[in-house]
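A quick write-up on the structure given underneath.
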Amino acid sequence: MKSRAMQDRWDVIRHVVGGNPVNLIAFVLFALICLAALLGPVLAPQDPLATNAAFALQPPSTQFWFGTDQLGRDIFSRVLVATRLDLLIAFGAVGLSCLLGSLIGAMIGYWGGFWDGATSRVVDVLMAFPLFVLAMATVAALGNTVANVIYATAVINLPFYIRLARAEVRVRRGLGYVEAARVGGSGDWRILIRFLLPNIASPLVIQASVNLGWAVLNAAGLSFLGLGVRPPTPEWGIMVAEGARFIASGEWWVAAFPGFALMVTVFTFNLTGDALRDILDPRMRT
């Protein structure tokens, strides 16, 4: 039975990827970005922290593919190494918010009552704030460390998963398989963990893939404003902020290449979310 289900899933993946080449491009780019995050420090041709005033603000060349910054550091190496940190923040924040948000949303959606109303009002209040401003306030209060950037990004993503999980569980809590599990002696927690959460995983995964792009932008935005990762740590937002003041004088590459890496990463995560939606959509299995 499991082998048949796996075969059906692979048939759907082949159909989705074959029917839309953009999905294949998304998965290839996603794999390349993850590979850069894993192997960045090994693949970097130069030490990303090494300074050399003699090579300051060198344009792109065969020696320095992306040029150098105002301290003579190799921008290509810094962009490559920064991939790991930015993806660590994004995956850490999204994973934390998805885990907590889906559990909270599933519980209030299943039991309802007072906690459902109270939590929904808290979520409404959080959603009423500009989310990036809320992240800025959180980091400013806790301190600008990597851990606090992850927590702040997780907080602003939390309402999306609470509302999504709540809505999905409210639809499913009265379905036949839940009633059958209840008649069979399963308790509420077992029904939640064993039956409901696995059945709402697909929309949560799609939401998480979209939130990854937002998390990368949020981390870069905080660093750009000086509230995120601290220099000289290689991070895309810091590099764009440092290079912004050189654009007017013609050294465009200092900000352009980190900005381009940021754009491609967010674009890839958005495309991957669309591809996952196509794969996990039950209508694609018919």
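The values are calculated or read from the model by the stated rules, or taken from the named source; none is laboratory data. Being a predicted model, the structure only gives us computed values, none of them experimental. Glycine also receives a Cβ, built like all others from the backbone with ideal geometry; neighbour counts cover every protein chain displayed. These accessible areas exclude ligands, DNA and RNA; they are computed on the full protein's heavy atoms, side chains included. Shrake-Rupley method; radii C 1.70, N 1.55, O 1.52, S 1.80 Å.
Surface analysis of segment 97-200 yields an accessible area of 51 Å² per residue, using protein heavy atoms and a 1.4 Å probe.
The largest accessible area among V210, V139, V28 belongs to the first residue in V28, V210, V139, and the rest follow in falling order (1.4 Å probe, all chains). Using equal-weight Cα scatterers in the Debye expression, the normalised intensity of segment 115-173 in log10 at q = 0.12, 0.14 Å⁻¹ is -0.35, -0.45.
Each principal axis of segment 94-196 carries a Cα extent, and these read 51, 24, 17 Å when sorted largest first. With bins 5 Å wide beginning at 0, the percent of Cα pairs of segment 137-215 falling in each bin runs 3, 14, 20, 16, 13, 11, 10, 7, 4, 2, 0.
Using the alpha carbons alone, the radius of gyration of segment 209-286 stands to its Kirkwood radius in an Rg to Rh ratio of 1.18.
For the chain, which whole percent of the accessible surface, found with a 1.4 angstrom probe, sits on carbon and sulfur atoms? Roughly 69 percent of what the probe reaches on the chain is carbon or sulfur. The distance separating the Cα centre of segment 200-234 from that of segment 119-133 comes to 18 Å. Placing +1 on the Cβ of every Lys and Arg and -1 on the Cβ of every Asp and Glu, with no other charges, gives segment 229-278 a dipole of roughly 120 debye about its Cα centre.
Taking the centroid of alpha carbons for each part, segment 149-168 and segment 257-274 are 21 Å apart. Hull volume per residue, based on the alpha-carbon atoms of segment 29-90 and their convex hull, is 85 Å³. Remark: relative contact order (the chain) = 24 percent; criterion is Cα-Cα distance under 8 angstrom and separation of 6 or more residues.
Counting only Cα atoms, the size of the chain along its three principal axes is 77, 46, 28 Å, in decreasing order. Segment 134-286 gives an Rg/Rh value of 1.14, both radii derived from C-alpha positions and Rh following Kirkwood.
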